[in-house]
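The values are calculated or read from the model by the stated rules, or taken from the named source; none is laboratory data. Quick caveat: nothing in here was measured; it's all calculated off a predicted structure. Don't worry about glycine lacking a Cβ; one is built from the backbone with ideal geometry, like all the others, and counts go over all protein chains shown.
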Amino acid sequence: MRKIKKLEMRGISKSFQGNPANRDINLTVKSGEILGLLGENGAGKTTLMNILYGLYQPDSGQIRINDEEVKLTSPLDSIHHGIGMVHQHFMLIQNHSVLENIALGYEKTPFFFPKIRIRDKVVAFAKRFNFAMDPTMKIWQLSAGEQQRVEIIKALLNGADLLILDEPTSVLTPQEIEDLFHILKDMKAQGHMVIIITHKLDEIMDICDRVTVIQKGTVVGSADTATMDKRSLARMMIGREVLFNAEREQLAQGAAVLTVDGITVKGDKGTPVVKNMSFEVHENEIFGVAGVAGNGQRELGEAITGIRAIETGRVGVKGVDTTNMSPRRIYDAGLSHIPEERIRFGIAPGLFLYDNSILKQHHLKKFSKKLFLEYSQIRDHAKALVESYRVSTHSIDVQTKNLSGGNIQKLILGREISEKPPLLVASHPTYGLDVGATEYLREELLTRRREGGAILLFSEDLEEVMKLCDRIAVMFEGEFVGVLDSGDPRLADIGLMMAGSMRI
Amino acid sequence: MFRIKVSDRETTTGLRSFMTNIASLAAGLCAIGIIFVACGVNPFYAISKIFMGSFGSMYGFKETVTKAIPLIIIGGGLTLAFRSRFWNIGAEGQLLMGAIFSTWVGLAWGPHLPSWVIVPLIFAAGFLGGALWGLIPAILKIRFSINEVISTLMLNYICAEFMTLLIVGPWKGRSRFGFPGTDNLPESAILGVISGSRIHYVTLILAIVFAVILAVVVYKTRFGYEVRVIGENPDAGRYAGINFFKTSLIVMAISGGMAGIAGVGEVAGIHHYLTYPASISSGYGFTAIIVAWLAKLNPLYAIVSGLFFAGILVGGDAIQISLGLPAATVQIVNGTLLVFLIMGDFFFKNKITIQWGR
């Protein structure tokens with residue numbers, strides 16, 4: 001028996017400190033339907049779903065389930081009404097097992113011997129949706145996709161008829177995305193309803209029955225996906241035409257800026273994950289590293305930028321040996337870095353926006369004279385960044401943690417790129433960005449390339465790699481299985497190379 | 001039945017922070033009142049006596065200022081350490097080490113030097129002593145990943161025992177007639193006081209100057225910026241290439257050194273000779289932890305919160321005598337207030353709603 005046959009949000013408004021995040025939003029989902037919630041970064045998608053999950057209270061408006069008004073004042077209320085949510089950042093305890101995590105979030109967990117007594121139930125549930133998993137594994141041993149499945153089981157076990165997924169594919173590999181979509185289709189067949197928050201147009205077209213587009217906190221359109229195409233969706237989302245093809249003109253390769261010579265790097269578990277790797281990145285060149293996550297890309301990036309120790313081999317930036325130097329000295333040698341986990345590495349969340357606008361540059365002459373920081377210069381710099389990189393914030397005097405993820409990314413990009421570094425290492429720079437911001441960021445990368453910059457780009461987005469890069473290296477198990485020029489016809493087999501079944 | 005709900009507060013203001021602190025202190029005083037009732041003492045009388053004893057009379061106020069000096073100066077140093085997430089519980093030991101160093105300099109060179117030379121010298125020695133004692137846990141933490149809470153706490157006892165060893169052994173003074181303790185410091189090394197009180201004003205001025213300098217350091221300098229980044233997000237600190245070793249060393253040198261200066265004030269301003277550690281300090285290094293927290297890790301606010309807790313110490317002494325309460329009363333009052341301040345923080349960060357019915 002389904003608890004929810006139809007859910008409606010009517011006239012929902014919510015503002016934070018006087019800034020409206022949602023304005024008069026209407027939304028409907030019915031049983032057996034997958035609804036896509038599409039919008040740019042900071043459009044208010046997550047706020048709206050947090051209201052539905054009981055995390056925030058709306059300033060006005062009502063939520064109706066089966067044509068009856070309900071008050072959802074906490075996640076517990078929402079769970080009781082059959083609403084479950086899987087957050088973008090998983091809410092799991094890393095050192096506990098799958099079973100323990102599920103038991104923690106499950107309301108009917110018995111007080112004594114919880115693990116043993118719910119085990120069968122969990123296994124049965126996993127089977128029903130074709131999940132393969134060992135419930136005794138610890139969370140940290142699982143891949144992102146597997147962790148997401150644990151979250152989904154947690155929600156379903158609590159009787160969720162409506163499952164909200166906040167950017168579910170952003171941490172998944174292409175294969176895992178496919179698996180997830182299978183699961184969602186199974187759920188749909190069994191009468192569940194799903195709301196997916198995303199800004200990836202392809203996913204909307206693939207899996208959703210209907211799409212609701214939010215722009216700056218208001219609904220600008222709602223349609224059946226069958227009647228839409230990608231281009232018109234994109235126009236609806238950012239309110240203007242999007243160039244899907246960034247222009248990359250031919251440029252002659254310049255001198256080598258980054259030289260990596262036979263480096264070996266160890267991963268978190270102490271085993272080598274980058275094995276005797278050598279390559280060069282030149283001026284006027286974007287060098288892309290593609291591959292399925294977990295094949296050593298992260299560790300390679302961290303080693304080059306000085307966050308992780310290099311066991312053997314050398315790294316040089318513009319002829320300076322930067323092997324195992326401190327990140328700041330490497331920065332001085334000419335390397336800027338857009339880190340992969342931007343909130344974890346890229347900012348100090350409790351400090352103000354202007355404080356964060358000079359992280360790693362605070363020792364430069366223009367920002368500090370002798371011991372003292374030049375706050376007037378810093379504030380000007382922060383204002384200029386906010387302006388030219390379109391960081392949407394009402395002031396530079398806000399704590400950085402109050403910005404949305406996309407705006408934090410724009411701030412970091414601006415900070416790292418505005419100094420025109422000879423070498424930019426960008427790890428998944430467009431991850432989590434909406435179409436407009438992605439387009440803008442790619443333009444910026446190409447501009448740097450035109451100006452003579454060298455760019456090392458880590459990305460899982462093949463479309464992005466193909467479009468931007470002059471040369472593409474495919475990484476598998478700590479090695480490059482192939483380095484190809486952008487025009488190479490063998491790129492058609494890049495999927496095989498990423499899977500490790502082809503080598504050039 | 002009713003349900004209690006805890007949710008994140010979406011907005012916070014400075015006023016709310018201030019009001020939460022006031023409310024926590026008020027609630028703490030109520031709890032202390034209950035303890036007084038259990039001891040068979042009228043709580044209103046006892047609490048009013050605490051504040052009358054510390055702020056209500058000239059004599060009491062002078063004593064309060066005297067005791068506030070070490071609290072302000074140590075508390076100020078601790079705000080810096082805590083801000084960089086270095087949990088320095090060892091200010092007591094750093095204070096004692098400062099006292100030992102300054103006594104040594106004062107006794108050895110004091111007789112031969114005029115006041116304007118020896119006084120700066122003993123302060124420098126005290127700072128050095130406290131700083132060195134503070135550097136040990138910093139090195140242990142960065143080089144060997146030894147938890148600083150444990151190491152700083154344990155170093156307190158080592159220093160206290162070392163000091164006891166000195167005063168009953170090699171440093172035992174001839175003028176003490178066999179009792180433990182060093183000889184008195186020479187006149188030139190003894191700090192002047194405001195007449196009619198025990199307020200050694202040199203240390204008081206130092207305390208306030210240090211608080212102001214520290215505030216400038218934290219909010220205006222490159223070093224302060226690095227400390228704030230590390231405190232907010234150590235990973236971002238690594239990403240930005242901030243040298244943790246150097247930063248921790250400087251932080252602990254300052255934090256320990258300031259505690260050492262408080263030790264100088266206690267020896268050269270109050271006691272005039274080195275005696276048992278418990279009489280030299282009476283737990284200032286621990287009380288200062290509460291001072292730093294109540295100051296919300298701002299060295300300037302530590303001046304106010306230092307005065308407040310000094311008042312509680314003095315008021316506690318007053319009721320001990322006048323109401324015949326046990327000596328541990330002050331500790332109970334302090335501890336209770338700390339617990340309530342920490343609980344207040346919870347109410348500051350979260351919104352609590354209670355729903356009736358259902």
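Within the range B:145-195, the set of residues being of a type in the set (S, T, N, Q), in a loop (DSSP other than H, G, I, E, B) and either more than 25 Å from the chain's Cα centre (by Cα) or within 23 Å of B:ILE122 (Cβ to Cβ) (or both) comprises B:SER145, B:THR182, B:ASN184, B:SER195. Taking the criterion of being of a type outside the set (Asp, Glu), within 18 Å of B:ASN334 (Cβ to Cβ) and surrounded by fewer than 24 Cβ atoms within 10 Å (Cβ to Cβ), the residues of the range B:49-63 that qualify are B:LYS49, B:PHE51, B:PHE55, B:GLY60. Looking only at residues in the range B:37-48 that are crowded, with 17+ Cβ neighbours inside 10 Å and free of Cβ contacts under 8 Å to residues at least 40 places away in the same chain, which one is nearest to B:ALA318 (Cα to Cα)? Looking at the filtered set, the residue picked out is B:ILE47.
Any residue at all in the range B:236-248 that is assigned to a helix (DSSP H, G or I) and either more than 14 Å from chain A (Cβ to nearest Cβ) or at pLDDT below 85 (or both)? Checked the range B:236-248: at least one residue is assigned to a helix (DSSP H, G or I) and either more than 14 Å from chain A (Cβ to nearest Cβ) or at pLDDT below 85 (or both). Within the option set B:TYR273, B:TYR301, being more than 14 Å from chain A (Cβ to nearest Cβ), farther than 24 Å from B:SER197 by Cα and buried (at least 19 other Cβ atoms within 10 Å of the Cβ) holds for one residue only, B:TYR301.
Within the range A:347-385, track down each residue that is at pLDDT below 85 and among the basic types (Lys, Arg). Listed by number, the residues that qualify are A:LYS360, A:LYS365, A:LYS366, A:LYS369, A:LYS370. Here A:LEU445 meets the list (1) buried (at least 20 other Cβ atoms within 10 Å of the Cβ); (2) within 14 Å of chain B (Cβ to nearest Cβ) almost entirely, failing just condition (2). Checking each residue of the range A:136-155 against the condition of being surrounded by fewer than 16 Cβ atoms within 10 Å (Cβ to Cβ) and touching a helix residue (DSSP H, G or I) at 6+ places or on another chain (Cβ under 6 Å) gives at least one match.
If the condition is being crowded, with 22+ Cβ neighbours inside 10 Å and either within 11 Å of chain B (Cβ to nearest Cβ) or in contact with a Leu (Cβ under 8 Å, 6 or more places away or on another chain) (or both), then the range A:302-323 contributes A:GLU302, A:ILE304, A:THR305, A:GLY306, A:VAL315, A:VAL317, A:THR322. Of the residues in the range A:363-374, none is facing chain B (nearest Cβ under 10 Å), within 18 Å of B:ASN233 (Cα to Cα) and either in contact (Cβ under 8 Å) with a residue 12 or more places away in the chain or surrounded by 22 or more Cβ atoms within 10 Å (Cβ to Cβ) (or both).
Would you mind stating whether B:ILE32 is away from chain A (no Cβ under 14 Å), touching a strand residue (DSSP E or B) at 6+ places or on another chain (Cβ under 9 Å) and crowded, with 16+ Cβ neighbours inside 10 Å? For B:ILE32, the condition - away from chain A (no Cβ under 14 Å), touching a strand residue (DSSP E or B) at 6+ places or on another chain (Cβ under 9 Å) and crowded, with 16+ Cβ neighbours inside 10 Å - is not met. Apart from one condition, B:ARG228 fits all of (1) touching a residue at least 12 places away in the same chain (Cβ under 8 Å); (2) away from chain A (no Cβ under 14 Å); the exception is (2). Determine whether the range A:324-333 contains at least one residue that is in contact with an Asp or Glu (Cβ under 6 Å, 6 or more places away or on another chain), surrounded by 18 or more Cβ atoms within 10 Å (Cβ to Cβ) and within 14 Å of chain B (Cβ to nearest Cβ). Within the range A:324-333, none of the residues are in contact with an Asp or Glu (Cβ under 6 Å, 6 or more places away or on another chain), surrounded by 18 or more Cβ atoms within 10 Å (Cβ to Cβ) and within 14 Å of chain B (Cβ to nearest Cβ). Based on this model, can you work out whether A:GLY288 counts as at pLDDT 90 or above, assigned by TED's automatic domain parsing to the domain that holds A:GLU341, surrounded by 18 or more Cβ atoms within 10 Å (Cβ to Cβ) and in contact with a His (Cβ under 9 Å, 6 or more places away or on another chain)? So A:GLY288 fails the test.
Scan the range A:348-362 for residues that are more than 27 Å from A:VAL281 (Cα to Cα), buried (at least 18 other Cβ atoms within 10 Å of the Cβ) and within 9 Å of chain B (Cβ to nearest Cβ) and the total you get is 5. If you check A:LEU99, A:LEU76, which single one turns out to be among the hydrophobic types (A, V, I, L, M, F, W, C), within 17 Å of A:LEU162 (Cα to Cα) and in the same structural domain as A:ASN22 (by TED's automatic domain parsing)? One residue alone meets the criteria, A:LEU76. What number of residues within the range B:171-198 are touching a strand residue (DSSP E or B) at 6+ places or on another chain (Cβ under 8 Å) and buried (at least 20 other Cβ atoms within 10 Å of the Cβ)? Residues in the range B:171-198 being touching a strand residue (DSSP E or B) at 6+ places or on another chain (Cβ under 8 Å) and buried (at least 20 other Cβ atoms within 10 Å of the Cβ): 1 in total. If the condition is being surrounded by 19 or more Cβ atoms within 10 Å (Cβ to Cβ) and either at the interface with chain A (Cβ under 9 Å from one of its Cβ atoms) or of a type outside the set (A, V, I, L, M, F, W, C) (or both), then the range B:199-216 contributes B:HIS200, B:THR203. Of the residues making up the range B:217-267, those that are of a type in the set (D, E, K, R) and farther than 26 Å from B:VAL119 by Cβ are B:LYS220, B:ARG222, B:GLU226, B:ARG228, B:GLU232, B:ASP235, B:ARG238, B:LYS246. Among the residues of the range A:119-128, none qualifies, meaning not one is under 30 Å from A:SER15 (Cβ atoms) and in contact with an Asp or Glu (Cβ under 9 Å, 6 or more places away or on another chain). Selection of the range A:334-347 for residues being within 20 Å of A:ALA303 (Cβ to Cβ), more than 8 Å from every other protein chain (Cβ to nearest Cβ) and of a type in the set (A, V, I, L, M, F, W, C) yields A:LEU335, A:ILE338. Only residues that are modelled with pLDDT under 85 and in contact with a Pro (Cβ under 7 Å, 6 or more places away or on another chain) were counted across the range A:176-225, and they come to 1.
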